[in-house]
1. Provide the net charge surrounding Glu166, with neighbours chosen by a C-beta distance below 11 Å and charges set as Lys +1, Arg +1, Asp -1, Glu -1.
2. Apply the Karplus curve 6.51 cos²θ - 1.76 cosθ + 1.60, θ = phi - 60°, to the phi angles in the range 157-171 and return the couplings in whole Hz, x for Gly and Pro.
3. Can you sort Glu166, Glu83 by how many other beta carbons sit within 10 Å, fewest first?
4. What does the charge count around Pro85 come to, taking other residues whose C-beta lies under 12 Å from its C-beta (Lys +1, Arg +1, Asp -1, Glu -1)?
5. R0 = 25 Å: FRET efficiency of Ala286 with Glu263, Cβ-based, nearest 0.05?
6. For a quick check: sort Leu289, Leu178 by the number of other beta carbons within 10 angstrom, fewest at the front.
7. Alpha carbons only, please: Rg and Dmax for the range 111-269, in angstrom.
8. So how do Val111, Val208 line up by other beta-carbon neighbours within 10 Å, fewest first?
Amino acid sequence: MTDAPIGDRALQRLRAQLAAPSQVAGRYTLRGPLGRGGMGEVHRATDAQLERDVAIKLLATELAAPDLADRLQRESRVLARLEHPGIVPVYDAGVLEDGRVYYVMRLVDGVRLDAYARDAAQRGVTRGDLLRIVLRIAEAVGFAHERGVVHRDLKPGNVMIGPFGEVLVLDWGVATTLGAPATGAGTPGFIAPEAAQREVATDARMDVYSLGMVLRDLLGAHTEPVGKPLASLLATATAERPEARYASMAALASDLRRWLDGEPVSVHRESPLERAGRFFRRHEVAILLLLGYAIVRTFIFVRRGL
């Protein structure tokens, strides 16, 4: 009697079981995979010491090459330096018995920004809501820039919206320091044009461009007209030439706040008509009340023959 050959699906399951240990560092019990990226896998786990659920990112067996291990370790160190509400915190890091590196981070439950925005209008998510999300991304990434770190792969798929409205910037695997040589990292459709040139130093304006393209995607989810001020903001963020863009993420965030507050943005010169329209929108209720009062008083005067 000969043994039956192992089927492809059974072989894949066996490889997965061998690749994912049930315990990590004698403290974390893996509960199941959450996703897989370019460098490895993310698993849900339980921290026995603190009795909480966490996420663990570790290299897949077939990717356990020294350069990828170095990248994952670098990613964990980058995240450990960036303590901000919009960036997932790192709790722990180490090496498995088989030599694969891992790190432990906050478990993020929620929905990716691309999925969140897909049916935004149908779910009552306004354009202002989406711009507030972009503003919070800009604040988190601007914080990283202040600490010398450039994300280099901003896109809707790397942003998570939590169940309580949290906005978290994920996947810092290709992040690098300001001034380091650009290596073309990023996602087509979001990567800055100059990032593909190796002789160019990494600049914060590369992230500005990528976030501008994220904003363009989100605005496309609504049929509401963009308007000239917001169109100017978008055009400046996504300018082909770096010197024509916002000089920093903080400058882009400032204009986003001004637009959301009904104030003029720095990159658009208002006409008198636009200024009057903006004034009306900011004080619409008061103006309508005054107008209604004036109409009623006029009607009373006319009736009395005054």
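A short reminder: the numbers here are calculations on the coordinates, not readings from a lab. Because the structure is a prediction, the values reported are computed rather than measured. Ideal geometry is used to build each Cβ from the backbone, glycine not excepted, and the neighbour counts take in all protein chains shown.
1. Values: positive: Arg106, Arg136; negative: Asp109.
Summing Lys/Arg as +1 and Asp/Glu as -1 gives +1.
2. Taking θ as phi minus 60°, the curve returns x, 9, 10, 10, 9, x, x, 10, x, 4, 10, 10, 8, 10, 6 Hz for the range 157-171.
3. Numbers: Glu166 14, Glu83 11.
Sorted ascending by nearby Cβ count, the order is Glu83, Glu166.
4. On the way: positive: Arg106, Arg136; negative: Glu83, Glu139, Glu166.
Once positives and negatives cancel, what remains is -1.
5. Computed FRET efficiency for Ala286 and Glu263: 0.90.
6. Working: Leu289 11, Leu178 15.
Exposure proxy ranking, most exposed first: Leu289, Leu178.
7. 14.8, 46
8. On the way: Val111 14, Val208 28.
Starting with the residue having the fewest Cβ neighbours, the order is Val111, Val208.
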